[in-house]
Amino acid sequence: MLSIKNLVVSLKNEDKKILDGLSLEVGNGEVHAIMGPNGTGKSTLSKAIMGHFLFEVNDGEIVFNGVKINDLSVDERAKLGIFLAMQDPTVVDGVTNSEFLKSAYEEQTGKHIDYFKFINDVNKSLDDLKFSRDMIHRHVNAGFSGGEKKKNEVLQIKMLKPKLIILDEIDSGLDVDSLKTVAENINEYKKENPDTSILIITHYPRILEMIKPDYVHIMKDGKIVKTGDMSLAIETEQVGYNE
Amino acid sequence: MNKIIYINNDCVFDINKDETLEIYHYVVDKSVNIKINLNGENAKVIYRLSIISNNDNVCKVDVNHVTSNTESKIICHGVNTGNKKLEFNVTGLVSKDISKCVCKEENQIINLKGGESVIKPNLLIRNYDTFSNHAAYIGEFSKDKLFYLKSRGISDANATKLLMEGLLLGDGDRENVIVKEFVDNLKEAYNG
Ligand SMILES: Nc1ncnc2c1ncn2[C@@H]1O[C@H](COP(=O)(O)OP(=O)(O)OP(=O)(O)O)[C@@H](O)[C@H]1O
Ligand SMILES: [Mg+2]
């Protein structure tokens, strides 16, 4: 599904390398977790995969389902089926959630929306997420609480049906019940779409107990330095990153 | 008394005692000249200008606080789609013997193609107990917002269109004829 080879990334017009020779293979249907200290480049990795304007890929390649995506535009990457649930989702005032989702859905599927079906699907997804139905009429993330922003990301996943889901600290800001709801929704999605791959960036094993990873990676200084299974996540929580 | 109106032409407004008027003004590529007089105590106005501009245009909005205890809030949003000049010239006047007024301005111009845009906020306030403020922004659409929209598969053109509609339509009633006509023009202006 996703194959990253020797990726070197810096901020545009700056020499300092944030990612420094990172490699990662994510197979179809696999769940991977990445843990690592603050500032080590986890969000940068997720943004580089998505083609964020702040970063430049200096070396290496990102291949998604056989296509090298280094030079694709952001929306082209999304259209291939990559979804980044952001650590801090952006507020887009003036644009309602429904206009936003409708545009994204229409562009991704190339189909004109059947409005009644769309609203039905949205309402069902909102109910699944225990998310108030009027959220769909509010401006994108404007005035949303931290947890509501995270649920809004998951709502988009449920509607847009990506093939690769990157969850950048989806668990931060969610209360215990909301985290459980979100994890259930992701697991349900994965059950319905077993080929979907998931990359979970987190600081805490708790979410990994709910969405079970096949591999756990430890990232440090812009590379992956250790790979293991769930026990690595638990061990890391106990001893920290310096052991 | 509270009244909401939608316009697409220049006007002079006289707002009397205890009246509140909300004006939505939608303009496609022409200059604007608006005068608002707050004539009686407790007269209030909220004026919102939305303009899409492709040629040289000047938007002149004058608000005169004729009486004490009057309030104005002027919000001008523009998108400069070409490489010509768009100017906002917004004046709030409170003379010396007029007291306890509120006078606010918020002006924003988005340059899509590097046209020249100018905002001249003039608060001519001769009285000390007036509450006034203004905010102005000239620039591009936020890259972060564009990135967020595009990361969901929306093309650059459509993401820009969504942000344009968001900025210009605001909370205007999208079922109103003047708004509908403006939306059609917006789509045309953007495609062409
Ligand atoms: N826009 C930016 N401007 C300046 N520095 C940046 C920017 N974005 C990232 N960096 C730097 O790049 C490094 C990696 O940041 P990144 O956000 O990827 O870390 P992270 O591993 O996600 O950390 P956290 O666990 O705190 O979320 C940090 O040193 C950060 O300061
Ligand atoms: Mg991060």
key: Gaussian network model of chain A, Cα within-10 Å springs - most flexible of A:Asn70, A:Asn193, A:Asn38   = A:Asn38
note = Other residues with Cβ under 9 Å from the Cβ of B:Asn127 give, with Lys and Arg +1 and Asp and Glu -1, a net charge of +1
remark   = By the Cα gyration tensor axes a ≥ b ≥ c (a/c under 1.5 gives rounded; else a/b larger than b/c gives prolate, otherwise oblate), the shape of the stretch B:2-141 is prolate
key: Relative contact order [Cα under 8 Å, 6+ residues apart], chain B, whole percent   = 16 percent
request  = Could you tell me how many degrees, from 0 to 90 and to the nearest 10, lie between the Cα long axis of helix A:146-160 and the main elongation axis, the longest principal axis, of the Cα atoms of chain A?
outcome  = 80 degrees
inquiry  = List the lysines whose Cα sits under 16 Å from the Cα of B:Lys44, skipping any in the same chain fewer than 8 residues away.
reply    = B:Lys3, B:Lys17, B:Lys35, B:Lys73, B:Lys100, B:Lys104
note = Of B:97-104, A:56-63, ordering from highest average Cβ density within 10 Å down gives B:97-104, A:56-63
message = Less than 22 Å apart at the alpha-carbon level, and either on another chain or at least 8 residues along: which lysines does that give for B:Lys113?
response = B:Lys30, B:Lys84, B:Lys85, B:Lys143, B:Lys145, B:Lys150, B:Lys161, B:Lys187
key: Under 17 Å from the Cα of A:Lys151 - lysines, other chains or at least 8 residues apart   = A:Lys124, A:Lys130, A:Lys161, A:Lys180, A:Lys190
task = Identify which of A:Lys102, A:Lys190, A:Lys12 has the largest mean-square fluctuation in a Gaussian network model of chain A, with springs joining Cα atoms closer than 10 Å.
result = A:Lys12
task = Report, as an integer, the average count of C-beta atoms from other chains found within 10 Å of each Cβ along B:158-167.
result = 4
request  = Could you work out which residue, out of B:Ile52, B:Ile109, B:Ile23, moves most in a Gaussian network model of chain B, that is, has the largest mean-square fluctuation with Cα springs under 10 Å?
outcome  = B:Ile23
Along principal axes, Cα extents of the protein assembly as shown, largest first, whole Å = 76, 45, 45
message = How big is the dipole moment of the protein assembly as shown about its Cα centre under a simple scheme where the beta carbon of each Lys and Arg is +1, that of each Asp and Glu is -1, and everything else is neutral? Debye, nearest 20, please.
response = 460 debye
task = Evaluate peptide A:101-109: per residue, the Cβ atoms of other protein chains within 10 Å of its Cβ; return the mean as an integer.
result = 4
Rounded FRET efficiency, nearest 0.05, which uses the C-beta distance separating B:Asn42 from B:His134 and R0 of 22 Å = 0.45
task = Could you list which residues have their amide H under 5 Å from that of A:Asp229, counting only those 5 or more apart in sequence or on another chain, with H placed in the peptide plane?
result = A:Val216
key: Heavy-atom accessible area per residue - chain A, 1.4 Å, Å²   = 45 Å²
request  = For the stretch A:137-230, give the share of DSSP beta bridges that are antiparallel, in percent and rounded to the nearest 5; count only bridges with both residues there.
outcome  = 50 percent
request  = Express as a percent, rounded to the nearest 5, the fraction of DSSP beta bridges in the protein assembly as shown (both residues included) that run antiparallel.
outcome  = 20 percent
remark   = In the stretch B:1-69 the accessible area split gives carbon plus sulfur, as whole percent at 1.4 Å, a share of 46 percent
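The values are calculated or read from the model by the stated rules, or taken from the named source; none is laboratory data. This structure is a prediction, so every number in the text was calculated from the model and none was measured. So basically every Cβ, Gly included, is an ideal-geometry build from the backbone, and we count neighbours across all protein chains shown. These accessible areas exclude ligands, DNA and RNA; they are computed on the full protein's heavy atoms, side chains included. Shrake-Rupley method; radii C 1.70, N 1.55, O 1.52, S 1.80 Å.
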